[in-house]
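The values are calculated or read from the model by the stated rules, or taken from the named source; none is laboratory data. Every value quoted in this text rests on a predicted model; they were computed, and no experiment measured them. Every residue, glycine as well, gets a Cβ built from its backbone with ideal geometry; the counts of neighbours run over all protein chains shown. The accessibility values were calculated without ligands, DNA or RNA, using every heavy atom of the protein model including side chains. Shrake-Rupley method; radii C 1.70, N 1.55, O 1.52, S 1.80 Å.
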Amino acid sequence: MSILVNKASKVLIQGITGTQASFHVKRSIDYGTNVVAGVTPGKGGITHLGVPVFDSAIEAVKETGANASVMFVPAKFVKDAVREAAEAELDLCVCIADGVPIKDMLEIKEMLRGAKTKLIGPNTPGIITPGEARLGIFPENIHHPGRIGVVSRSSTLTYEAVIETTRAGLGQSTVIGLGDDMLIGIDFVETLEKFMTDPDTDAVVLIGQLGGTYEEEVAKYYKNLKVKKPVIGFVAGNAVPFGHKMGYAGEVITKGHVTAQDKQDAMHDSGMITVNKINNIHIELMKLFPQNA
Amino acid sequence: MNIHEYQAKRILRQYGIVIPKGMIAYTPTEAKKAATKVSFRGPWVLKAQIQSGARNKGYFLEKKAGRKGGIRLIKSRREIAVEAEKMLGATLVTVQTGPKGKQVGRVYVEAYNKVKKNFYASLVIDRTLPAITLLVADTNNEDITTLAISAPEKILRLPLDLITGASSEQIQKVIDFLHLSPKVFKNMETFVNGMHQAFVDYDAVMIEVNPVGVTAAGQIIALDAKMSFDNNALYRHKDISMLQDEYEEEDRELKAAKYGFQYSEFDGNIGCIVNGDGIALAAMDLIRTKGNNGTACFLNVKGGVDKDKIAAGIKIIMTNPRVEGILINILGGFLRCNLIADGIVAAASEVGLNVPLVVRFEGTNKDEAKDILEHSKLPIIIAEDMEDSVDKLIEAMEESD
């Protein structure tokens, strides 16, 4: 078991016929992901990578019962693709593209308010439940089925965290990249809620970074939890001079200087185990699960 | 992307916002002519156009520019050309420019407007809501960033509706917060919603007017203006892209942007090539924990690149004179490691490799990538994980000293 996706997930690929999409979707299929359909407007009727292609997501869902999607569409078409995913009432859509304009994301967040569809991303490697389903672009060879949940805002640090679990002799229940952008779909709180109630997750590795207040919010949530599974946290960005490439207004909105250390302190105060170096995560995991080391 | 004050003011004016009469000048003679056109008797305000705040509190590196800052109140017309002459070509340093400062290439000549009161206003995105949010403060000459830390309650924060902007109740709140007369309501509404509409129409990420002036007659005037735009949305605003002042961007930064990369400079000695913001931050953190080393620059090549682009990126790093060692950390997902390896080999064979280079690959096609490097016979060090890569690089840098 896992959170959000598993081998029963019926996956639709939005923008399936592109070169990058083809490369990664083929790998996902080879991995065992249950890819049931693709969508490329104007190419409905063809078969690509062994799956039927439709003109719209609604049509694809009607014909195949797809309940999750991965979008390989360019940034400028993301807003339309999310709208389609929401109209087709998918449970989940994963947006890989980076460079989605902020205004489009404001509109997308508005669109998804109260909708059934959850968005992961944009600018994310996606979500993978090792051995079951790969929705995105994760390097599959670093993942192993296991009982540690991994969630990160940064794509590349997601991989680092996964490698750390492996070094501790552990595998992952589900790995999620939330996305590197200013505005994203689901956040740490929503993800941690799911991991906390997932019977197949024993502990979580959570990787935050400078900017925004997602880490402070998840710390607040975790602090108030009555029953807690262990969470190992790391926040990247302590060496960045504050205000780098930011105007005054950027500082004002975060109420003064919020450093990576402030975030990490908030996480530590909430009861999370925090580490100062990402490569120390495996040490803490080995303390929690000595029998696997 | 940022634009100059006078350009931001021109945009705001299209939305009904009142701005002082002003003209841009590139030479002292132009400044003198401009002064006559914007106000017959003066006084005037002469403003250095560099993309930075706090210009008034800044100072010039050159003696000839005098001891005053980048914004000067001028009372007689004769002085206009004299002061413009001092500022043009000189280097203005502010808290936002860093110690190198920025050279002033043009000055903005404005009519001085007598105001009864000043306040701070900006629009930014509050990502927790998320919403375009209006920030207003009665700054009383206090620095807004100081206020944000010392007395955040003195800053009013109002999230605005994306489509309709500020409501009447919100406008009233602003007026009450600033203790202004009710008669300014209409003008305040035009000001706030003008800013909001400009923000939405132009895909801005920040508009800041500091200060906003309120005249005795209740007029609301944008005495300053700063606008930043979402680089990812510039494709739908050709008019804004054209305003890009290449002079303001670091040369290497601009080159990197042309390849779709993100490049930032710091004051350390190690050049990093990474494929994500997170790994860039984590690498910088690690470097700082090791002795006296720091990051000189990082180049984020993001995803979906080809060999030629990577080679170009590496050359950008190699041309930074601060760089004494290069650290490449690639976690291939979308990006395939073998493409990076090809790029490294291409760049190194073309421009030569005169500083130690450590590479760490993980993920998609990492074994192919290692093979490529090993076959190249170049003095490239391969590392196992991020910390190992930093350690190996520092060791190699110490040896080459």
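Note on chain A: Rg/Rh from Cα positions, Kirkwood definition for Rh, rounded to two decimals, is 0.98. Anything over 21 Å Cα to Cα? Flag those among A:Lys43/A:Lys118; B:Lys57/B:Lys86; A:Lys194/A:Lys228, in the order listed. As for pairs spanning more than 21 Å Cα to Cα, those are A:Lys43/A:Lys118. For the protein assembly as shown, the alpha carbon convex hull comes to 167 Å³ per residue, rounded to a whole number. Peptide packing: for B:16-26, A:199-209, the average count of neighbouring Cβ atoms within 10 Å per residue gives the ranking A:199-209, B:16-26, highest mean first.
Taking the square roots of five times each eigenvalue of the Cα gyration tensor of the stretch B:21-111, the equivalent ellipsoid has semi-axes of 22, 12, 11 Å, listed largest first. Counting only the Cα atoms, the stretch A:11-120 fills a convex hull of 88 Å³ per residue.
Simple spin-label estimate for B:Lys75 and A:Asp91 gives 7.6 nm between the two label positions (7 Å along the Cα-to-Cβ direction from each Cα). Taking max minus min of the alpha-carbon positions on each principal axis, the stretch B:251-400 gives extents of 34, 31, 29 Å, largest first.
Taking each residue in B:127-139, count the Cβ atoms of any other chain within 10 Å of its Cβ, then average. What number comes out?
Working: counts 14, 8, 3, 9, 3, 3, 3, 0, 4, 0, 1, 0, 0.
Average per residue, whole number: 4.
Based on every Cα atom in the stretch A:73-196, Rg and the maximum pairwise Cα distance Dmax equal 14.4, 43 Å. Shown here is the pair-distance distribution of the stretch A:155-230: with all Cα-Cα distances grouped in 10 Å bins from zero up to the longest one, the shares run 16, 51, 31, 2 percent.
Per-peptide packing, taken as the mean over residues of other Cβ atoms within 10 Å, places B:88-95, B:35-42, A:13-20 in the sequence A:13-20, B:88-95, B:35-42 from highest down.
Taking each residue as 0.36 nm, the span from A:Leu49 to A:His268 lengthens on full extension beyond its C-alpha to C-alpha distance by 74.2 nm.
Of the chymotrypsin sites (Phe, Trp or Tyr not before Pro) found in the stretch A:211-241, none is in coil by DSSP with at most 13 other Cβ atoms within 10 Å of its Cβ. Rg over Rh for the stretch A:144-292 works out to 0.97, using Cα positions for both radii and the Kirkwood form for Rh. The solvent-accessible area of B:His196, taken with every protein chain present and a 1.4 Å probe, is close to 0 Å².
Dividing the convex hull volume of the alpha carbon atoms of the stretch A:38-93 by its residue count gives 76 Å³ per residue. Computed over chain B, the convex hull of the alpha-carbon atoms projects to a mean area of 22.5 nm².
Count Lys and Arg as plus one, Asp and Glu as minus one, and take only other residues whose Cβ is under 9 Å from that of B:Pro356; the net charge is then -2.
As a calculated quantity, the FRET efficiency between A:Asn224 and B:Asp391 at R0 = 41 Å, using C-beta atoms, amounts to about 0.55. Per residue of A:204-213, other chain Cβ atoms within 10 Å of the residue Cβ number 2 on average. In angstrom, the C-alpha Rg and Dmax of the stretch B:178-291 are 20.6, 62.
Can you give the angle from 0 to 90° between the axis of helix A:155-167 and the longest principal axis of chain A, with both taken from C-alpha atoms, to the nearest 10? The angle comes out near 70 degrees.
Distance between the pseudo-spin-label points of B:Gln172 and B:Lys57 (7 Å out from Cα toward the beta carbon): 3.6 nm. Over the stretch B:117-240, the reciprocal of the mean inverse Cα-Cα separation, the Kirkwood hydrodynamic radius, stands at 14.9 Å.
The mean number of partner chain beta-carbon atoms within 10 angstrom of a residue's beta-carbon across peptide B:225-235 is 4. Modelled label positions at B:Ala151 and B:Lys258, each set 7 Å beyond Cα in the direction of Cβ, lie 5.0 nm from each other.
Electrostatic bookkeeping for B:Ala383 treats Lys and Arg as +1 and Asp and Glu as -1; over the other residues with beta carbon under 14 Å from its beta carbon, the sum is -4. Entry note, chain B: the mean residue ellipticity at 222 nm calculated from DSSP H runs of n ≥ 4, each adding -39500 (n - 2.57), is -11000 deg cm²/dmol after division by the residues and rounding to the nearest 500.
Looking at the stretch B:289-375, the trypsin sites (Lys or Arg not before Pro) that sit in a DSSP loop and have at most 16 other Cβ atoms within 10 Å of their own Cβ are B:Lys290, B:Arg322. Chains A and B together bury roughly 5200 Å² of accessible surface, counting both sides and using a 1.4 Å probe on protein heavy atoms. Within the same chain, lysines fewer than 8 places from A:Lys263 are excluded, and of the rest, those with a Cα less than 16 Å from its Cα are A:Lys220, A:Lys223, A:Lys255, A:Lys277. Here the Karplus relation 6.51 cos²θ - 1.76 cosθ + 1.60, evaluated at θ = phi - 60°, turns the backbone of the stretch B:3-16 into coupling constants of 10, 6, 3, 5, 6, 5, 5, 4, 5, 4, 4, 4, 9, x Hz, with x for every Gly and Pro. Bridges between two residues of the protein assembly as shown, per DSSP, are antiparallel at a rate of about 50%.
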